[in-house]
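The values are calculated or read from the model by the stated rules, or taken from the named source; none is laboratory data. Every value quoted in this text rests on a predicted model; they were computed, and no experiment measured them. Because the Cβ atoms are built from the backbone with ideal geometry, glycine has one as well, and the counts that use them run over all protein chains shown. The accessibility values were calculated without ligands, DNA or RNA, using every heavy atom of the protein model including side chains. Shrake-Rupley method; radii C 1.70, N 1.55, O 1.52, S 1.80 Å.
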Amino acid sequence: MIQHFSARRRVLLASFVLILACVSAHRLDAQQISGTVTDAKGSAVAHAKIEAKNASTGAVSEATSDTVGHFAITGIAAGHYALTVSASGFAETSEDVNATTAAQDIAVTLSVASVEQNIEVRAIAGDSIAGQHALSQESLDTVAPKSEVSSEFIREFTPPTADYSNIIQIVPGTFSYNSNGIGLGQGTIYFRGFPDGDYDITWDGIPFEDTNTPTHHSWVFFPGVWIGSVDFDRSPGTASTIGPATFGGSINLQSREVPAAQSILPSVSYGSFNTLLLDGQYNTGMLGAKKNVGLSVDVHRMTSDGFETFNDQNRYGGDLKLLWKVSDRTSVSGYSGVIQFNSNTPNNPPYRAQVANYGWNYLLQNNDPTSAFYQGYNTYAVPTDFEYGAVRTSFGHNWYLDVKPYTYSYYNHQYYANDAKTDTTGLATGPDGSTGWITPTNCSTPVTKKGVTALPCAVDKLNSYRKYGETAAISQTSHFGVFRAGLWYEWATTNRFQIPSNPLTHTDQALPNFHENFWTDSYNPFVEYEWHVNDRLSLIGGDKEAYYTMNLKQYADDGKIVGNLQGAPFVNSSGGFGSNLPSAEANFRVRNNWSVYGQFGKGAEIPPSSTFDVAGGGAEVSVLPKPTQTTTWQGGSVLKLNRFTLDADYYHIKFQSNYIEAPEGTNPSNPNYDLEKYYLGPDSVTQGFEAETNVAVGYGVHLYANGTVGKAQYVGAGVPSGLNVADTPAYTQALAATYQAHGLDLGVIENRIGAHYNSNGTYFNQIYDAPFNNVNLYFNYTLRKNSFFDESKIGLSFNNLFNDESITDVTAANSPVATNGSAYFATTTSSPLDALSLTSGRSVMVTFRMGLFPHRER
């Protein structure tokens with residue numbers, strides 16, 4: 001632990017030394033105005049137009065920023081000037097400049113233009129018509145495989161109930177499914193074979209995830225109506241990329257911009273599964289004498305029976321965003337989002353036999369209270385909230401400071417019934433059968449399984465946490481490039497338990513399966529430099545220290561995790577985990593519309609709290625594991641012609657898989673418990689090729705396609721070398737045709753996912769999942785005539801148009817049978833009790849939205 005703290009100190013010390021070294025005053029000649037144009041993230045804005053108007057004579061001089069955002073207006077007379085800066089995709093800004101004294105270079109920050117103008121994507125697409133209408137694309141300035149998903153795609157080509165798990169399916173190499181319908185339950189996401197927990201998700205630059213593992217919950221955080229755009233980074237990122245699971249990449253969700261114009265946008269959507277979504281949005285527009293304060297508010301209510309039987313749910317939510325432009329140099333924003341969610345989702349999906357006999361949508365029933373699949377025994381209540389404040393300011397010598405304190409919480413209280421599985425046919429729990437399992441006698445009589453004695457019929461479960469954190473970054477832009485340094489720090493408190501219970505009385509047993517409180521500290525100090533070698537070549541190098549501490553209080557339990565602790569009420573455990581994560585990237589602009597890039601980077605994933613789940617408590621862990629790491633090499637190219645765009649990349653990722661534990665012997669300090677030693681499992685290599693393209697055919701017609709071919713296999717001696725990592729499809733593809741003109745937005749989008757395998761413990765290639773596809777269809781008509789009723793809309797969406805019924809994942813009921821005693825090769829026979837994850841059936845939804853713009857002129 002001391003070594004890791006020393007490493008962090010070294011990184012922080014290096015950061016401050018570089019900050020001091022980079023502070024230099026560049027005197028401004030009296031007959032010259034020079035400076036640098038950047039966006040709100042501190043990135044250079046190329047090809048910005050700069051006009052300097054002499055306040056006395058009215059003479060106007062012009063310049064254009066170069067590829068690193070720098071400009072210079074020379075040969076002008078001394079005096080006061082009104083400086084106006086504009087660029088495609090950004091709002092125009094102006095400020096007064098005094099050129100009579102030798103001043104420092106001027107820092108100009110451009111904000112993204114109003115979303116209602118629908119031109120924010122031009123900052124990425126440039127003048128390419130194909131790029132301006134691409135559903136997903138990379139930027140010419142990228143240094144790693146990224147996909148920018150536009151607000152236009154989210155508004156026009158996703159269902160109104162969509163969450164981010166549905167939105168990001170358009171990105172290469174990504175697939176997602178939700179068995180209960182779009183946005184009607186937890187969306188499961190994979191990309192490049194990485195499961196949830198192997199990548200970050202951020203909201204406006206703030207990482208959010210569970211505390212026991214870095215996984216996510218799409219149905220209770222950030223519904224689609226709140227999302228403005230998505231920056232999907234399929235890489236460990238640069239050194240300034242923060243979060244606890246840069247292992248696979250980062251899905252960066254962006255909130256909607258605060259519009260410049262006042263508007264009221266109520267809407268109603270209704271469709272399949274008795275799904276009703278009521279939404280209302282109010283935008284104040286920019287208020288005040290200086291038009292520098294604005295507020296955007298959204299409230300919604302969604303109710304649905306769900307595609308799966310008796311998986312009802314309702315959700316209330318609201319968010320607001322405040323923007324205050326204090327001055328040309330300083331802006332303040334604030335955000336709050338609150339969700340209340342309730343459903344009947346059980347803990348497990350349906351059995352193979354139930355689906356075959358009772359229908360593709362079978363999950364629960366409500367006419368047999370002696371069955372574990374009775375609706376009344378399965379409930380979910382999940383309130384969440386997410387808040388932050390942000391200050392961005394620029395000061396002398398092109399220095400910028402960004403500070404963003406935040407807090408958020410998650411409170412998941414679930415109650416679910418257990419099936420005894422005494423009926424091997426899997427049919428007695430169906431809607432027409434009675435198991436006789438949930439009875440007063442059975443549910444009040446403890447049962448011993450695997451040495452644990454507990455009430456068998458139900459579980460009372462809680463997973464709750466509250467987090468407080470801050471992201472802080474300082475940057476400086478000069479002729480030579482951009483320096484960045486900063487820190488992400490987060491403190492979290494967690495309360496988790498699972499307690500066996502009687503569903504007839506809701507009486508919990510005295511001892512839980514487990515109960516723990518724990519506290520986590522997360523640190524990511526970083527430093528990096530983006531060197532603009534010349535107008536065409538940029539190099540980025542940096543380093544980051546990822547360090548985490550956990551302090552646990554594990555209470556005595558029924559033997560499931562830590563045991564009765566010899567009469568002690570709890571045991572305390574603690575540990576620290578650290579990784580040093582260097583990175584290097586390059587981007588070379590072959591031409592103004594063609595670039596190539598390459599990246600080397602390391603990513604890490606915070607160890608799970610289950611590291612300490614051993615008999616006697618985590619204090620008995622003899623060797624703590626290091627964070628799981630990846631080493632990534634990848635490169636690609638981006639081309640943007642007027643009517644054609646193409647992004648392509650190749651990736652090679654070596655990563656270490658799950659933790660494995662093995663007894664190391666008797667603990668000399670307490671003979672009742674063995675010591676546990678944790679070590680990393682077999683390495684694997686993921687590699688493949690990705691590409692996406694958009695073609696502007698003409699007359700409003702565009703054709704989009706992306707595809708990925710790849711594989712993820714274990715490597716090394718003494719491991720299952722050559723076997724496939726679970727849930728890694730051989731290929732993915734997306735095809736789309738859209739028409740956008742005269743207020744019409746029409747689109748058909750197909751996603752196809754190749755074959756993949758499921759594992760069974762330490763045995764791989766056990767269960768084959770066949771390829772499946774999903775076709776969606778959208779018809780929208782929106783008023784865009786600069787009238788009082790702008791943005792009024794009629795929409796119709798079809799999801800899974802051809803009602804594809806496919807198995808997306810299988811949890812085997814039978815144990816694997818090893819082949820000749822092998823530790824990795826085995827066969828697992830199919831069982832009626834296999835648990836199946838499935839595609840949801842066809843759904844249709846119609847939307848009516850009224851747009852009201854009180855001050856809009858014709």
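A cut-off under 10 angstrom between Cβ atoms defines the neighbours of Asn593, and their net charge, with Lys, Arg +1 and Asp, Glu -1, is +2. Using every pair of separate Cα atoms, the Kirkwood estimate puts the hydrodynamic radius of segment 352-506 at 20.0 angstrom.
Across every direction, the projection of the convex hull enclosing the Cα atoms of segment 136-255 has a mean area of 6.9 nm².
Treating the Cα atoms of segment 519-623 as identical point scatterers in vacuum, please give the log10 of the normalised Debye intensity I(q)/I(0) at q = 0.17, 0.18, 0.21, 0.24 Å⁻¹, two decimals. The computed values of log10 I(q)/I(0) come out as -0.82, -0.88, -1.02, -1.16.
Note: relative contact order over the chain, using C-alpha pairs below 8 Å and six or more positions apart, is 11 percent.
Sort Arg301, Arg256 by heavy-atom solvent-accessible area, probe 1.4 angstrom, most to least.
On the way: Arg301 105, Arg256 45 Å².
In descending accessible area the options line up as Arg301, Arg256.
Within the assembled protein chains, the solvent-accessible surface assigned to Tyr597 is about 20 Å², based on a 1.4 Å probe. In order along segment 260-272, the phi-based Karplus estimate (6.51 cos²θ - 1.76 cosθ + 1.60, θ = phi - 60°) of 3J(HN,Hα) comes to 7, 9, 5, 7, 10, 10, x, 8, 9, 10, 9, x, 3 Hz; Gly and Pro are listed as x.
Could you calculate the contour length gain from Asn274 to Asn786, that is, 0.36 nm times the residue separation minus the distance between their Cα atoms, to one decimal place in nm?
Working: separation 512, 0.36 × 512 = 184.32 nm, distance 3.49 nm.
My answer for the length gained is 180.8 nm.
Indicate, rounded to the nearest 5 percent, the antiparallel portion of the DSSP beta bridges found entirely in the chain.
Around 95 percent of the beta bridges assigned by DSSP in the chain are antiparallel ones.
If each Cα of segment 269-389 is one equal point scatterer, what is log10 of I(q)/I(0) from the Debye formula at q = 0.17, 0.20, 0.22 Å⁻¹? Per q value, in the given order, log10 I(q)/I(0) is -0.91, -1.09, -1.19.
Relative to the current alpha-carbon distance between Val697 and Trp531, full extension at 0.36 nm per residue lengthens the span by 55.9 nm.
What does the extension gain come out to for Asn592 and Ala741, with contour length at 0.36 nm per residue minus their alpha carbon separation?
Values: separation 149, 0.36 × 149 = 53.64 nm, distance 2.86 nm.
Net length gain for the segment: 50.8 nm.
Which translational diffusion coefficient, to the nearest whole µm²/s, is obtained for segment 450-602 from the Stokes-Einstein equation, given a Kirkwood hydrodynamic radius over C-alpha pairs, 4 °C and 1.567 mPa s? Show your work: numbers first, answer last.
Working: Rh = 19.8 Å.
It comes out at roughly 65 µm²/s.
Could you tell me how many cubic angstrom of Cα convex hull volume segment 318-405 has per residue? Per-residue hull volume (Cα only) is 159 Å³.
From the Cα gyration tensor of segment 129-193, with a ≥ b ≥ c the square roots of its eigenvalues, which class applies: rounded if a/c is under 1.5, or else prolate if a/b is larger than b/c, or else oblate?
Details: a/c = 3.33, a/b = 1.48, b/c = 2.24.
It comes out oblate by the Cα gyration axes.
Fraction of C-alpha pairs exceeding 17 angstrom in segment 264-322: 52 percent, rounded to a whole number.
Just how many % of Cα pairs in segment 760-833 lie over 16 Å apart, if you round to the nearest whole percent?
Working: 1855 of 2701 pairs.
Value for segment 760-833: 69 percent of Cα pairs lie more than 16 Å apart.
Using equal-weight Cα scatterers in the Debye expression, the normalised intensity of the chain in log10 at q = 0.09, 0.10, 0.11 Å⁻¹ is -0.95, -1.18, -1.43. Of the two radii for segment 424-512, the radius of gyration is 1.42 times the Kirkwood radius, both from the alpha carbons; that is the Rg over Rh value. Measuring nothing but how far apart in sequence close Cα pairs (under 8 Å, 6+ apart) lie, relative to its length, segment 349-416 scores a relative contact order of 29 percent.
Using a 1.4 Å probe over the heavy atoms of the protein chains, calculate the carbon and sulfur portion of the accessible area of segment 260-323 as a whole percent.
Roughly 66 percent, rounded to a whole number.
Projected label points at Asn347 and Val715, each 7 Å from Cα along the beta carbon direction, are separated by 3.9 nanometres.
Between Val447 and Thr303, the C-beta separation translates, for a Förster distance of 45 Å, into a calculated FRET efficiency of about 0.75. The figure for Phe655 is an accessible area of roughly 20 square angstrom, using a 1.4 Å probe on the protein chains alone. A cut-off under 14 angstrom between Cβ atoms defines the neighbours of Leu777, and their net charge, with Lys, Arg +1 and Asp, Glu -1, is -3. Accessible surface calculations at 1.4 Å, restricted to protein heavy atoms, place the chain at 39 Å² per residue.
May I ask you to rank Ser394, Ser434, Ser229 by accessible area, largest first, using a 1.4 Å probe over the protein chains only?
Ser434, Ser229, Ser394
Quick one: with all protein chains in place, what share of the accessible area of segment 139-192 is carbon or sulfur, to the nearest percent (1.4 Å probe)? Carbon-and-sulfur percentage of accessible area, whole number: 48.
Please give the Cα centre distance for segment 236-260 versus segment 455-534, rounded to the nearest Å. First find each Cα centre; the distance between them is then 16 Å. With Cα atoms defining each centre, segment 366-391 and segment 121-189 are spaced 28 Å apart in the structure. Computed with every protein chain present, the accessible area of Arg849 is close to 60 Å² [probe 1.4 Å]. The overall shape of segment 171-236 is rounded: from the C-alpha gyration tensor, with semi-axes ordered a ≥ b ≥ c, the ratio a/c is less than 1.5.
Sorting the Cα pairs of segment 583-635 by distance into bins of 10 Å, from 0 upward, gives 20, 28, 19, 16, 11, 6, 1 percent per bin.
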